[in-house]
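The values are calculated or read from the model by the stated rules, or taken from the named source; none is laboratory data. The model shown is predicted, which means the values in this text are computed figures rather than measured ones. Reconstructed Cβ throughout: ideal geometry from the backbone, glycine too, with neighbour counts over all protein chains shown.
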Amino acid sequence: MEVKKKKKAASRRFASPLMPFLALSAVILLALVVKASADSDDFGPTTTPIKHVVVIFDENISFDHYFGTYPSLIKDAGGHVVFRPKDDTPRVNGLTHNLLTNNQNSAQPFLLTDQVTCDQGHNYTPEQKAYDQGAADEFVEFTEGSGCTVPYEVMGYYDGSVVTGMWNYAQEFAMSDNHYNTCYGPSTPGALNLICGNTAYASGIGLGTSNVDGTQVNDADPTGDTASSTTKNFAVTFGQNVGDLLNKKGITWGWFEGGFDNPAATHACSTASGITDYIPHHEPFQYFPSTANPTHLPPTSVAMIGKTDQANHQYDLSDFWNALAAHNLPAVSYLKAPAYQDGHAGYSGPVCEQEFVVDTINKLQKSDEWNEMAIIIAYDDSDGWYDHQAPPVVNFSHTSADPFTYESNTPPALGGLQGRMGYGPRCPLLVISPYAKENYVDHRTTDQTSILRFIEDNWNLGRIGNGSFDAVAGSINGMFDFDDAPRHVHLILDPDTGRPVDHHI
């Protein structure tokens, strides 16, 4: 009604031949304002200056495996400095001299110089046994990979000579040394916890040891996904996830995974294993009927990326870059590298992972959206790699898959749901943003659902409920500085070496 009144008033003031054109211009302007308002609603309102969250969700790394000796000065064989820490770099809870030389395990930690390793054991029960009720002294016995040619490889770690890019990001932005898997176990539980904080309410066919009392504890492919294995266990999960919460608020979002548009594609990086780029049990939204795209349908247009259409918010990585180029980047984006670049031991590795991570972050820093963006690097599980810090116990479980019996007076399981012993092993967590604290190490306890909680709180989505770990998750807000203006920082790295090629503030 206000618009009509303004038009009538204008017609009384301007009685000229130009009036129809002015009126038409006003209509066009009003349409543009409405469109801009509608577009802005796709990204907010938010409780922080962050309008775009991009989660790079990689595979199978414990904290000590990448950052155990951070921030050491690193030189190459010729004596040239590869990594030089800033003078004020804070120390982390890493591998001390005593842990390196007098370790409580049956083998000592050692530096890996070859990025190609075998896959370690990282299932729900063996990981609990490796931590031995907090002693963290039985990794060789329970999570050493079968068939590894390097003795005691589970105790191996990298330093800044290999994971150079990760160490450089930690120098300029924020990282945590007290971040954990929400539960013990491999990829599927970790991926589910990232998006809903709950591995319960699972059902399927031939689940076997993948399911304990209705809870997903190991890997099973999503039921109905046309790329799922015909010989593996299948699972479907009921309940809601963060995608459902975002849809209710009309906030754009998407999961973008390498190989989604061509699930049979393969590449070789550190190994020639023939692993396909797309791995179904790494795609958590495919387990939920409400957010699945089982036949891998593409978006109907670039303009619809992040919105609800036949793709149902599940995309190929190429769609992410198409959306960015069109300035149509969703408010919340989850990125999954093609398998050969996801960092998973056995078919990928840190050099291949670095190529993906650095190339992605370089492009995002050069985008118009960078000044309102937070990039979060996180991991689905630890792969069973040694990490000396035993996780805090925030949730108890008493199933047949849990190796230890706790006292009868232990707190009840969260939501009354079993098969979710947690927290699980410690993993890296980095926040890369103009609002991230510089050269900062956060020591506060967080877990995978802390990322979920940040998204929930930033867009006022509410909580998942039904026993989700988001209700008890620590906040990652301490890794940001929202009181001051964003830093005009760009750290452009070489994807091959991880070393800076352009660094300006």
Going through (1) outside the structural domain of TYR169 (by TED's automatic domain parsing); (2) under 28 Å from the mean Cα position of the chain (by Cα) one by one, ASN102 fails only at (2)
Listed by range, strands (runs of 3 or more DSSP E) wholly within segment 296-409 having at least 2 residues that are among the hydroxyl-bearing types (Ser, Thr, Tyr) and either surrounded by 24 or more Cβ atoms within 10 Å (Cβ to Cβ) or at pLDDT below 95 (or both) are 332-336
Exactly one of PRO85, PRO90, PRO186 is modelled with pLDDT of 95 or more and under 30 Å from LEU245 (Cβ atoms), and that one is PRO186
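Which of the helices (runs of 4 or more DSSP H) found entirely inside segment 74-151 contain at least 3 residues meeting this: touching a residue at least 12 places away in the same chain (Cβ under 8 Å)?
Working: elements: 97-101, 124-131, 139-142.
The qualifying helices (runs of 4 or more DSSP H) are 124-131, 139-142.
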Among GLY478, GLY474, the single one that is in a helix (DSSP H, G or I), surrounded by fewer than 21 Cβ atoms within 10 Å (Cβ to Cβ) and in the same structural domain as PRO350 (by TED's automatic domain parsing) is GLY478
Quick check on segment 268-275. Is at least one of its residues touching a Ser or Thr at 6+ places or on another chain (Cβ under 9 Å), under 30 Å from VAL472 (Cα atoms) and either at pLDDT 85 or above or in the same structural domain as ILE305 (by TED's automatic domain parsing) (or both)?
no
